[in-house]
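Below is one structure; the comments refer to it alone.
The values are calculated or read from the model by the stated rules, or taken from the named source; none is laboratory data. Keep in mind that what you see is a predicted model, and the values were worked out from it rather than measured. Every residue, glycine among them, receives a Cβ derived from its backbone with ideal geometry; neighbour counts consider all protein chains shown. Note: areas computed on protein heavy atoms with side chains; ligands, DNA, RNA excluded. Shrake-Rupley method; radii C 1.70, N 1.55, O 1.52, S 1.80 Å.
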Amino acid sequence: MPSSTEELQSHLRKDYEHGFTTDVESDTLPPGLDEDVIRHISRMKHEPDFLLEWRLEAYRHWLTQREPNWAKLNIAPIDYQAISYYSAPKTQADGPKSLDEVDPKLLETYEKLGIPLEERAALAGVAVDAVFDSVSVATTFKDKLAKEGIIFCPFSEAVQEHPELIKRYLGSVVPTTDNYFASLNSAVFTDGSFVYIPKGVRCPMELSTYFRINAANTGQFERTLIIAEAGSYVSYLEGCTAPQRDENQLHAAVVELVAMEDAEIKYSTVQNWYPGDENGVGGIYNFVTKRGDCRGDNSKISWTQVETGSAITWKYPSCLLRGDNSIGEFHSIAVTNHHQQADTGTKMVHLGKNTRSTIVSKGISAGQAQNIYRGLVHMGKNASSARNHTRCDSLLMGDRCGAHTYPYMEVKNPSARVEHEATTSRIGEDQLFYCQQRGISEEDAVSMIVNGFCKEVFRELPMEFAVEAQNLLALSLEGSVG
Amino acid sequence: MLEINNLHVRVGDKTILNGINLTVKAGEVHAIMGPNGSGKSTLSHVLAGRAGYEVIEGSARYQGKNLLELSPETRAHAGVFLGFQYPVEIPGVNNMYFLKAAINARRVANGLTELDAFDFIQMAKEKAKLVGLDESLLQRAVNEGFSGGEKKRNEIFQMAVLEPQLAILDETDSGLDIDALKIVAEGVNALRDPDRAVILVTHYQRLLDYIVPDYVHVLSEGRIVRSGGRELALTLEEKGYSWLKEAAAT
Ligand SMILES: Nc1ncnc2c1ncn2[C@@H]1O[C@H](COP(=O)(O)OP(=O)(O)OP(=O)(O)O)[C@@H](O)[C@H]1O
Ligand SMILES: [Mg+2]
């Protein structure tokens, strides 16, 4: 990425409050969920009728469903009537006025993560318009994308400006009936991101949500839709290495990706939601449905994720490989410490001929955490010569944590090939002593070993993200050996 | 350089070292021999600072400091090197990267600037040649999938790069073929210097043909039961350890 773009992006990360504020009335609904609540949300957002109908249909289906059965997860029941499904975005008026008012511990964390100095204020919620004329930067950025015909805006803005695209693609990858949390999200989502890359266009910069997410608000039921028309390319970054807290415990996002013929979508996530305290109290439940549809021939979708946060993570970014020769990739690092529980993996559904998928999953557990890989590789009956390669590695630190691997395979075409490799290793006292004997501190040794373990996945991340992600890993595991 | 006084060490409730006395001066090479399970590796580990050992009596001073209260990495920074009897594999961590981190950690601790990648690689390649380490091993993960002999050679390579003041080599000769043995010996001899010292733990007097020690000690049941010159190793080779027991009994 040219440095001017980098600069631009780093400026932009700061002004998520400004460039893209959503135009909604200030209002908060009391807790509870019924059809009136959904009508209210839709009305507040001035949505077209088709979208209200779509939400209601999702809601009615949700009512008929039951919460998934939590396999190995240890979870307290969620009271869906205790959640408030709509509240107006918070303004920065009640936020800190300068870095001096920000918790020094938080700033120390930012420093350890290597987050650039000028971004820290924005992340901590300090109003930054005094430092930068953010509106003009955002405008330059939007202009640049607009020149290419790229649409990148909040979901609710896309509903107003491009209803035909929303109508055509929303729910086309993750239908309202897909699963309990997807139905709930479809019924009540309030905002998210929308990306449209026209035919043949290579998006000139990494698209990142962090500069425009209204951190206090869109989080809980977020909806993302990315469409890459034939021959286009886009790399999208979601999330942030900085620790994120939220008073809402339940997060149920839906992400849909559509790649047409010869198009490629690269979707990278770094997730660092509050994991709860050392006893696992108060952490976020992160139940996400992410799916990419390789709709056209020779299309490619790759998911890369670094998951370190949340008390409970339940997420399976998946690929539907419908076009012939289409490619699906999943590269994942999931770190669990203390009492965190992660159940993550992917589904690769091979429908087209000669489709290929690669799965690389790296699970790291420390403390008393549980880390589960759950993956499905499906080779449909028309998926002749399809291939999958799966590699699941687990790294354990200490002897109270656990790692479990559940690879499921369904092969309906005899010419399809599925390969699976799995390893489990432990960071041992002997490895640490060996490093220390050579002069390397225990902390550096742990991060060196962990980074070595994860390097295939780090390689997939955009450069600036990769460095922060490495620091994040070290920080998440600090003090967990010895 | 190193003075060990009446050192008693316990693991759990088992006492393994029963009063070790040993003085090593700069410039000297000491060989430590002794039957399996006599405590040679335990002594090496305690000197390097491995956790899990409890010193119940005695002391060890290194360069005038109380060695036993220093962290393992501080000891390493002060020039203590342990060649492991069983070198540890660290998957995913590149051998060169590891060694660069090691040498720079030590340089920084000693107030020197870090070596840059270029200087480091130059130096590492020279040392690899010196100890006959195949260059392809430099780019592999630390010890991962190395043969027994390659692991030992890698230890000597690390020693050559780190240039320790006090090298403790725990059976670095075991598992080496004859040619490798000579090369390892050359590596150690190249390090011999009036300012450095070496403690060689070995079962084979053959190594001592190549690295001629100033002293030979025999460790048995956690005690040094006999010390002598080079010829002690030859006598042991001929008569075995039982000879010492008989000698002690009479
Ligand atoms: N962590 C431990 N727990 C219990 N016993 C131990 C432990 N470490 C060492 N020992 C015991 O202490 C004794 C000395 O072991 P050590 O490894 O020092 O012997 P050694 O002289 O190096 O033997 P070898 O020649 O076989 O390498 C042995 O009986 C061993 O079983
Ligand atoms: Mg031994």
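Residues are listed down the side, and each one gets a yes or a no for (1) open to solvent by 10 Å² or more (accessible area, probe 1.4 Å); (2) among the aliphatic types (A, V, I, L, M); (3) touching a Ser or Thr at 6+ places or on another chain (Cβ under 6 Å):
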site	(1), (2), (3)
A:Ile301	no, yes, no
A:Gly309	no, no, no
A:Pro317	no, no, yes
A:Ala334	no, yes, yes
A:His350	no, no, no
A:Ser357	no, no, no
A:Tyr373	yes, no, yes
Enumeration of residues in the stretch B:1-29 that are within 16 Å of ligand 2 (Cβ to nearest atom) and under 28 Å from B:Asp193 (Cα atoms):
B:Ile20
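Counting just the residues of the stretch B:51-94 that are within 16 Å of ligand 2 (Cβ to nearest atom) and more than 17 Å from the chain's Cα centre (by Cα), which one comes out farthest from B:Gly222 (Cα to Cα)?
B:Gly52
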For the stretch B:35-64, what are the residues that are more than 9 Å from ligand 1 (Cβ to nearest atom) and in contact (Cβ under 8 Å) with a residue 40 or more places away in the chain?
B:Leu47, B:Ala48, B:Glu54, B:Val55, B:Ile56, B:Glu57, B:Gly58, B:Ser59, B:Ala60, B:Arg61, B:Tyr62, B:Gln63
Does B:Leu99 satisfy the criteria of being open to solvent by less than 40 Å² (accessible area, probe 1.4 Å) and within 12 Å of another protein chain (Cβ to nearest Cβ)?
yes
Note on B:Ile224: of the conditions (1) assigned to a strand (DSSP E or B); (2) away from every other protein chain (no Cβ under 14 Å); (3) more than 16 Å from ligand 1 (Cβ to nearest atom), unmet is (3)
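Residues that are among the small types (Gly, Ala, Ser), surrounded by fewer than 17 Cβ atoms within 10 Å (Cβ to Cβ) and within 10 Å of chain A (Cβ to nearest Cβ): does the stretch B:78-86 have at least one?
no
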List pairs: first residue in the stretch A:425-448 and without any contact (Cβ under 8 Å) to a residue 60 or more places away in the chain and crowded, with 24+ Cβ neighbours inside 10 Å, second residue part of a helix (DSSP H, G or I) and of a type in the set (Lys, Arg) anywhere in the structure, Cβ distance under 8 angstrom, at least six positions apart or on different chains.
A:Gln437/B:Arg75; A:Gly439/B:Arg106
Tell me which residues, restricted to the stretch B:164-178, are open to solvent by 40 Å² or more (accessible area, probe 1.4 Å) and either in contact (Cβ under 8 Å) with a residue 40 or more places away in the chain or of a type in the set (A, V, I, L, M) (or both).
B:Gln165, B:Ile178
Report yes if some residue within the stretch A:373-382 is within 14 Å of chain B (Cβ to nearest Cβ) and closer than 18 Å to A:Gly328 by Cα; otherwise report no.
no
Residues of the stretch B:102-152 being over 20 Å from the mean Cα position of the chain (by Cα), within 11 Å of chain A (Cβ to nearest Cβ) and basic (Lys, Arg), in sequence order, are B:Arg107
